Amino acid sequence: MSESTAIPLVREDARPAARSILPLEVRGLGLRFGETVVLDGLDLDLGPEGCTVIMGPNGVGKSLLLKLLHGLIEPCSGRISWAGQRPGAVTARQAMVFQKPVLLRRTVAANLDFVLRTRGLDRSRVPQLLDHVGLGHKADDPARRLSGGEAQRLALARALAIEPEVLFLDEPTASLDPASAHAIETIVRQARDRGVRIILVTHDVGQAQRLADDVVFLNRGRVAEKAPVDAFFPVPQSQAARDYLTGKLVF
Amino acid sequence: MQDIGQALGLALALVMSGDGDLFEIVALSLRVSLSAMAVACVIGLPVGALVAISRFPGRGSVLVVMNALMGLPPVVVGLLVYLHFSRSGPLGFLGLLYTPTAMIVAQTILIAPIVAALSRQVLEDLHSEYAEQFRSLALSRRHMVGALLWDARYSLMTVALAGFGRAVAEVGAVIIVGGNIDHLTRVMTTAIALETSKGELSLALALGIILLTIALGVNAAVQVLRQTGTRLAYV
Ligand SMILES: Nc1ncnc2c1ncn2[C@@H]1O[C@H](COP(=O)(O)OP(=O)(O)O)[C@@H](O)[C@H]1O
Ligand SMILES: [Mg+2]
């Protein structure tokens, strides 16, 4: 007990400047487009560290949930609190890798240089950041000539370049071959181990098992189940998750 | 009235000989229209960029007006500038009527809406692609506009050339505010109009050939810009 109180104190001293934006508290989140109800009173609590995987059938609202948490769109009802702050106020302390990466019409290196420059961060880190995602040899290529896997790695490098506290990933490996997917997973795991809070949407059960600390399963606009990864996959508690996983595993 | 074949021969000879008067006229044309293009870009690009990334009430009407202004008749622009710069006009004290400056002002008014409207379209398309990523990066408006202008640079250069092409070819505005004064405000289009009316077809044709060549050059430049942009995967 004495140890567990000592550790946070050391951390506070090491990072006196910024108060963490975690934990996350979501209450009664509602989102609809006209008649279509997407989220319907969703509640969710996420702790300060680790990797949370969000799963659920297509169209259940996973991507929109990430955008709501990141402050890109406004909910119709309910409340999102990042340690007391609205999502729109903490967008800059988070980063998001979209399912389809949007890269500037510039070289690979210039894409990273741009975010470092606009954030006032050290621009000399570009080569190091590129090497970290295995794109050092592509630094001077036009970013929009990259393959799907390379583009996604560049998007990931850009997201990590701004040193986010929370990293959202929306199906980052959905259209990639296994080797590219593995490369992405490795980078994500390293970020998690450095203390970046990961929130990852994926349909890939193997990936979820490899990366997740806990799993959030969405169904009908709400969280149907939230469980540690070791509990979720062997014995899902909700019928919806059981159906989803059987469909997935059986094919 | 000269025979056209003969006139054409004289015209070519004139162009080849490096005639001083001819090149003075060409040089003034380029100076006036390139200046107008530069000023129109300074005004039109930021306006286009701001309208492209902003959502405000009445935006639809602003777009209609911007697009309508693209088709401003040169003679009407010339008339309006004339009324302002004439001795009894509100800007008469500047003494700018019948000077190249007045011609630059008139052509700027003529093509700034073209630059604004075309760049708005280009930048809005690009912004619709970038917007969500920009919001995720929490970019300031200044950084957003800067990134859009830079990333659309090849398309925007073709927009600028479209403005230049319109300016250098128009006659209505410059003839009213410039007056087609020899050695002072005579440009290619006004000289062509005058020489043709006098029946001096060779100079008119010589200038016509140069004007056509410039038009071809502008279009070639647009083509090269497009290809370069595509080759570099920037478009
Ligand atoms: N702008 C929109 N207007 C109407 N419906 C939308 C809009 N954006 C998303 N939707 C709908 O919301 C639902 C959830 O979308 P999304 O979050 O992308 O699902 P997923 O869980 O597959 O990521 C989908 O049915 C989608 O069609
Ligand atoms: Mg999705």
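Observations on the model:
- Qualifying residue in the range A:93-114 (condition: within 16 Å of ligand 1 (Cβ to nearest atom) and in a strand (DSSP E or B)): yes
- On inspection, residue B:170 passes the criterion of being touching a Pro at 6+ places or on another chain (Cβ under 8 Å) and away from every other protein chain (no Cβ under 14 Å).
- Residue pairs meeting the criteria (Cβ under 7 Å; at least 6 apart or on separate chains; first touching a residue at least 12 places away in the same chain (Cβ under 8 Å), in the range B:174-201; second charged (D, E, K, R)): B:180/B:186; B:183/B:24; B:189/B:170
- For first residues located in the range B:139-166 and acidic (Asp, Glu), partners that are not in a helix (DSSP H, G or I) and lie 6+ apart or on another chain with Cβ distances below 8 Å form the pairs B:151/A:104; B:151/A:105; B:151/A:106; B:151/B:234.
- Looking across the range A:42-65, the residues that are near ligand 2 (Cβ under 10 Å from one of its atoms), surrounded by fewer than 23 Cβ atoms within 10 Å (Cβ to Cβ) and aliphatic (A, V, I, L, M) come down to A:60, A:64.
- Candidates are the residues of the range B:42-80 that are within 14 Å of the chain's Cα centre (by Cα), among the aliphatic types (A, V, I, L, M) and part of a helix (DSSP H, G or I); the one that is farthest from residue B:123 (Cα to Cα) is B:77.
- Scanning the range A:122-149 for residues that are within 14 Å of chain B (Cβ to nearest Cβ) and touching a residue at least 40 places away in the same chain (Cβ under 8 Å) returns A:143, A:144, A:146.
- Residues located in the range A:159-173, provided they are within 16 Å of ligand 2 (Cβ to nearest atom) and more than 8 Å from the chain's Cα centre (by Cα): A:171, A:172, A:173
- Scope the range B:186-228; condition of a type in the set (Gly, Ala, Ser), surrounded by fewer than 21 Cβ atoms within 10 Å (Cβ to Cβ) and part of a helix (DSSP H, G or I); matching residues: B:193, B:197, B:202, B:208, B:215, B:217, B:220, B:221
- For the range A:22-39, a residue qualifies if it is more than 9 Å from ligand 1 (Cβ to nearest atom), surrounded by fewer than 17 Cβ atoms within 10 Å (Cβ to Cβ) and assigned to a strand (DSSP E or B), and the qualifying residues are A:25, A:27, A:28, A:30, A:37.
- Subset tally (residues that are free of Cβ contacts under 8 Å to residues at least 60 places away in the same chain and either more than 9 Å from chain B (Cβ to nearest Cβ) or of a type in the set (Phe, Trp, Tyr) (or both)) for the range A:87-106: 4
- Selection status of residue B:87, part of a helix (DSSP H, G or I), surrounded by fewer than 21 Cβ atoms within 10 Å (Cβ to Cβ) and among the basic types (Lys, Arg): no
Values quoted throughout were computed directly from the atomic coordinates according to the rules given, and no laboratory measurement underlies them. This structure is a prediction, so every number in the text was calculated from the model and none was measured. A quick note on method: Cβ atoms are made from the backbone with ideal geometry, for glycine too, and the neighbour counts reach across all protein chains shown.
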